[in-house]
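Colleague: The structure under discussion is supplied below as structure tokens; questions concerning it will follow.
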Amino acid sequence: MLDWLKSPILTFQEFVTLAGRASLNVFRRPFYGQDLFLQMDTIGVGSLPITVLIGFFSGVIMALQMSRALSQYGATGQVGQITAITLVREMGPVLTALLIAGRNASGIASELGSMKVSEQIDAMRALGTDPVKKLVTPRLLAMCVTLPLLTIIADFVGIVGGYMVAVPLLRLTTGSQYWNNAWRSLEYNDIAQGLIKPLLFAFIIALVGCLYGMRTSGGTQGVGRATTQAVVVASVWIFIVTALVTRIFVNL
Amino acid sequence: MARNEAKERKCILKFEDVSLQFDQASPVLDRVSFEIWSGETRIILGAAGAGKTVMMKIALGLLKASSGRVSVMGQDVTNFDEVQWYEVRSHIGVLFQEGGLFDSITIEENVAYPLLNQARFMTNGKKPTIDSVRPDVQEALNFVELGNTLNKFPSELSGGMRRRVGIARGSVADPDLFLYDSPTAGLDPITANTIIALLIKDREMRNTTAAIITHRFQDGHLMANFRYNPEKDHLERLPADSPLRERTKFMVMKEGQLVFEGSETELDASRDPYISKFSMHPARKVS
């Protein structure tokens, strides 16, 4: 029993250590600005099209699904409210994070994993750079900046998607009522949890990707394993954390 | 050679009863002790998994020994933390098994990497620019005869060329000790000999202390018996009684233990079945 628990606890310890070191490095010289911008470009700009697409369709699906339920109560006018709240509170952050986990946690893990197995990480240390500072910190920072932004974009595009279904397509409500409804239903509580979640997810995705990448052993096969593990672990933690955060905000 | 004699002989690398053990498994390194002095070339032979690379990583501080003491350039580094190690490492050149080049940046940036990132080349915490180090980078690449590859990427080069870039990167900061991990592994005999010729040339021109991990006996044989002639730009065999032969020492590792340490003559004389495998190699006839 104890042996069975040992490895996940050790991994968690490594995760916390890495998180601490990577976060402290934000304030320590030297800074790798170029690496930061490169990562922001790959993670942020690179994920933009797919985020917009997924965000749009999650709004479309939400409005379509809700149209039937709401019409039973004769409350089709509320479609804007429902779409906005579900997207901003939960769907936007979680879907975007899962998407970025699949796209970038795997990317980070395989990149760092290949560097590990080809001794580039060792070479980096041997040649005088801290791999945590040079590789992990820029990725973490870039993720913390871009993931909330991507989530905001996904939320907005999702609400637009909901509008497309509710107004021109199904004529559930009028355009002004939809937008008014969506806008008024959002409280500070919703916005706050909608922005805290992506920030926490950014930590999870970047650090899990980096941790599994840097722990890679066993050649090319090891890189594949690290990549898969990174995506699975990051996704699971996204769900656990979103449940915890929602629990806290529901009581507020 | 005048430089060599003028310089006081210093102990560059010292291992005292160094062991390394993961979990309860048998030790990867078992009470290994040796000293490498300045100007010396140390050939480290041994089968795969004998602990040669691990030893190199301990000397670089990439792995921490479970017990024993390690000294680099007279400094006891056994309990150094990562930050202190950066200073120590900036005086050690290293060539990794597969070259260890960063494949996302150009050859020029690879070779410039130590100069741009090591603390001792920074002035007031500011990094030098790539333009200011370009002459040094060019010189190091010219030395390995790859002066025209500055803007290429590592993936565009052959295995032997990547090794040579690795040598240029390791030597660009003029290290006091150069560690070569299997510089000839996986290369054809001709390319392997060019690499060893470069190592000999480097030793002659810069007077570096070197530790060379290899499983090819010829590498050690060449290092021990040849010198580089700068006037004629080729290698020449040392006379049989040359004292320069003595600067090349051999070490044989077996399952984490150091089983032999001595000169080439002593290695040849050994009757131990494992050790003589590294001296009675059929391909020894290198002219």
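The values are calculated or read from the model by the stated rules, or taken from the named source; none is laboratory data. Since this is a predicted model, take the numbers as computed values, not measurements. Quick reminder, even Gly has a Cβ in these numbers, built from the backbone with ideal geometry, and neighbours come from all protein chains shown. Accessible surface is based on the protein model in full, side chains and every heavy atom, while ligands, DNA and RNA are left aside. Shrake-Rupley method; radii C 1.70, N 1.55, O 1.52, S 1.80 Å.
Colleague: Enter the accessible area per residue of segment A:33-251 (Å², integer; probe 1.4 Å; all protein chains in place).
Modeller: Values: 9580 Å² over 219 residues.
Each residue of segment A:33-251 exposes 44 Å² on average to a 1.4 Å probe.
Colleague: Assuming a ≥ b ≥ c are the square roots of the Cα gyration tensor eigenvalues, decide whether the protein assembly as shown counts as rounded (a/c under 1.5), prolate (otherwise, with a/b larger than b/c) or oblate. Please report the intermediate quantities before stating the final value.
Modeller: Values: a/c = 3.06, a/b = 2.51, b/c = 1.22.
Prolate shape, in that a/c is at least 1.5 and a/b is the bigger ratio.
Colleague: Which net charge results when you count Lys and Arg as +1 and Asp and Glu as -1 among the other residues whose beta-carbon is under 12 Å from that of B:V144? Walk me through the numbers on the way to the answer.
Modeller: Working: positive: B:R162, B:R163, B:R164, B:R169, B:K201; negative: B:E139, B:E145, B:D202.
Result for the neighbourhood of B:V144: +2.
Colleague: If you take the accessible area of B alone plus A alone and subtract the pair, what total do you get in square angstrom, rounded to 100, with a 1.4 Å probe? Walk me through the intermediate numbers first.
Modeller: Working: alone 13980 and 13260 Å², together 25490 Å².
When B and A are taken together, about 1700 Å² of accessible area is lost.
Colleague: Quick one: net charge of B:D174's neighbours, Cβ under 12 Å, K/R +1, D/E -1? Walk me through the intermediate numbers first.
Modeller: Numbers: positive: B:R120, B:R206; negative: B:D136, B:E139, B:D176, B:D202.
Value of the local net charge: -2.
Colleague: Summing -39500 (n - 2.57) over the DSSP H runs of n ≥ 4 in chain A and dividing by its residue number, what mean residue ellipticity at 222 nm do you reach, to the nearest 500 deg cm²/dmol?
Modeller: Working: 11 runs with 194 residues, N = 252.
Calculated from helices alone, the mean residue ellipticity at 222 nm is -26000 deg cm²/dmol.
Colleague: Another question about this same structure. With every protein chain left in place, what is the accessible area of B:T194 in Å² (1.4 Å probe, nearest 10)?
Modeller: 70
Colleague: On to the next question. For segment A:107-216, which trypsin sites (Lys or Arg not before Pro) pass both filters: DSSP loop (anything but H, G, I, E, B) and at most 14 other C-beta atoms within 10 Å?
Modeller: Details: sites: A:K116, A:R125, A:K133, A:K134, A:R139, A:R171, A:R184, A:R215; in loops: A:R171, A:R215.
Hits after loop and neighbour filter: A:R171.
Colleague: Using protein chains only (no ligands, no nucleic acids) and a 1.4 Å probe, work out which residues of segment B:165-200 have their accessible area cut by at least 10 Å² relative to the chain alone.
Modeller: Buried on complex formation: B:R169.
Colleague: While we're here: How many Å² of accessible area per residue for chain B, probe 1.4 Å?
Modeller: Working: 13140 Å² over 287 residues.
So chain B comes to 46 Å² accessible per residue, rounded to a whole number.
Colleague: While we're looking at this one, here's another question. Just how large is the dipole of chain A about the Cα centre, in debye to the nearest 20, putting +1 at every Lys and Arg Cβ and -1 at every Asp and Glu Cβ? Before the final figure, lay out the partial values.
Modeller: Numbers: 18 positive and 12 negative charges, 28 e Å.
With only Lys, Arg, Asp and Glu charged at Cβ, the dipole is about 140 debye.
Colleague: Let me ask you something else. Under the rule a/c < 1.5 gives rounded, and otherwise a/b versus b/c splits prolate from oblate, where does segment B:84-151 land using the Cα gyration tensor? Before the final figure, lay out the partial values.
Modeller: On the way: a/c = 1.88, a/b = 1.27, b/c = 1.48.
Oblate is the answer for segment B:84-151, as a/c is 1.5 or above yet b/c matches or exceeds a/b.
Colleague: Given a 1.4 angstrom probe, I'd like the percentage of the accessible area of chain A that is carbon and sulfur, rounded to a whole number.
Modeller: On the way: 8460 of 12350 Å².
Carbon and sulfur atoms account for 69 percent of the accessible area of chain A.
Colleague: Return the average number of partner chain Cβ atoms within 10 angstrom of each residue Cβ along peptide B:49-58. Write out the running numbers ahead of the final one.
Modeller: Working: counts 0, 0, 0, 0, 1, 0, 0, 2, 4, 0.
Across B:49-58, the average partner-chain Cβ count within 10 Å equals 1.
Colleague: Within segment B:88-128, what whole-number % of the accessible surface is contributed by carbon and sulfur, with the 1.4 Å probe and all protein chains included in the calculation? Could the numbers behind the result be given before it?
Modeller: Working: 710 of 1520 Å².
C and S atoms contribute 47 percent here.
Colleague: Further question: Summing +1 for each Lys or Arg and -1 for each Asp or Glu, what net charge is found among the other residues whose Cβ lies under 13 Å from the Cβ of A:V79? Show your work: numbers first, answer last.
Modeller: Details: positive: A:R68, A:R171; negative: none.
Surrounding charge for A:V79 is +2.
Colleague: Determine which lysines satisfy two conditions relative to B:K232: a Cα distance under 20 Å, and not lying fewer than 8 residues away in the same chain.
Modeller: Straight-distance partners of B:K232: B:K201.
Colleague: Order these peptides, A:6-15, B:244-253, by their mean beta-carbon neighbour count within 10 angstrom, highest first. Before the final figure, lay out each step's value.
Modeller: On the way: A:6-15: 11.8, B:244-253: 21.0.
My ranking of the peptides, most packed first, is B:244-253, A:6-15.
Colleague: Calculate the mean, over all residues of peptide B:86-98, of how many other protein chain Cβ atoms lie within 10 angstrom of the residue's Cβ.
Modeller: Details: counts 6, 1, 0, 4, 3, 0, 2, 2, 5, 2, 6, 3, 5.
The mean count of partner-chain Cβ atoms within 10 Å per residue comes to 3.
Colleague: To check you understand DSSP bridge types, tell me what percent of the beta bridges within the protein assembly as shown (both residues inside) are antiparallel, rounded to 5.
Modeller: Rounded to the nearest five, the antiparallel share is 55 percent.
Colleague: Sticking with this structure for a sec: Can you list the DSSP H helices in chain A whose Cα atoms extend at least 24 Å along the helix axis and whose mean Kyte-Doolittle hydropathy is -0.5 or higher?
Modeller: A:2-24, A:46-73, A:137-164, A:188-214, A:219-251
Colleague: Take the cross-link list B:K52/B:K254; A:K6/A:K133; A:K6/A:K197 and give me the ones stretching past 19 Å between alpha-carbons. Mind showing how you got there, number by number?
Modeller: Details: B:K52/B:K254 9 Å; A:K6/A:K133 28 Å; A:K6/A:K197 29 Å.
Check vs 19 Å cut-off fails for A:K6/A:K133; A:K6/A:K197.
Colleague: Filter B:K57/B:K126; A:K134/B:K64; A:K116/B:K57; B:K10/B:K57 down to the pairs with a C-alpha to C-alpha distance above 18 Å, please.
Modeller: On the way: B:K57/B:K126 29 Å; A:K134/B:K64 22 Å; A:K116/B:K57 14 Å; B:K10/B:K57 21 Å.
Correct reply: B:K57/B:K126; A:K134/B:K64; B:K10/B:K57.
Colleague: Using the charge dipole of the protein assembly as shown (Lys, Arg: +1 at Cβ; Asp, Glu: -1 at Cβ; taken about the Cα centre), state which of A:G224, A:M143, A:C210 has its Cα farthest towards the positive end.
Modeller: Comparing the listed Cα positions along the dipole, A:M143 ranks first.
Colleague: Related question: In debye, nearest 20, what is the charge dipole magnitude of segment B:91-245 about its Cα centre with +1 on Lys and Arg Cβ and -1 on Asp and Glu Cβ, if you could check? Each step should come with its number before you reach the end.
Modeller: Values: 17 positive and 20 negative charges, 40 e Å.
Value, rounded to 20: 200 debye.
Colleague: For peptide A:111-123, how many partner chain Cβ atoms fall within 10 Å of a residue's Cβ, on average?
Modeller: Numbers: counts 1, 0, 0, 1, 4, 0, 1, 9, 11, 9, 2, 10, 15.
Mean shielding by partner chains, rounded to a whole number: 5.
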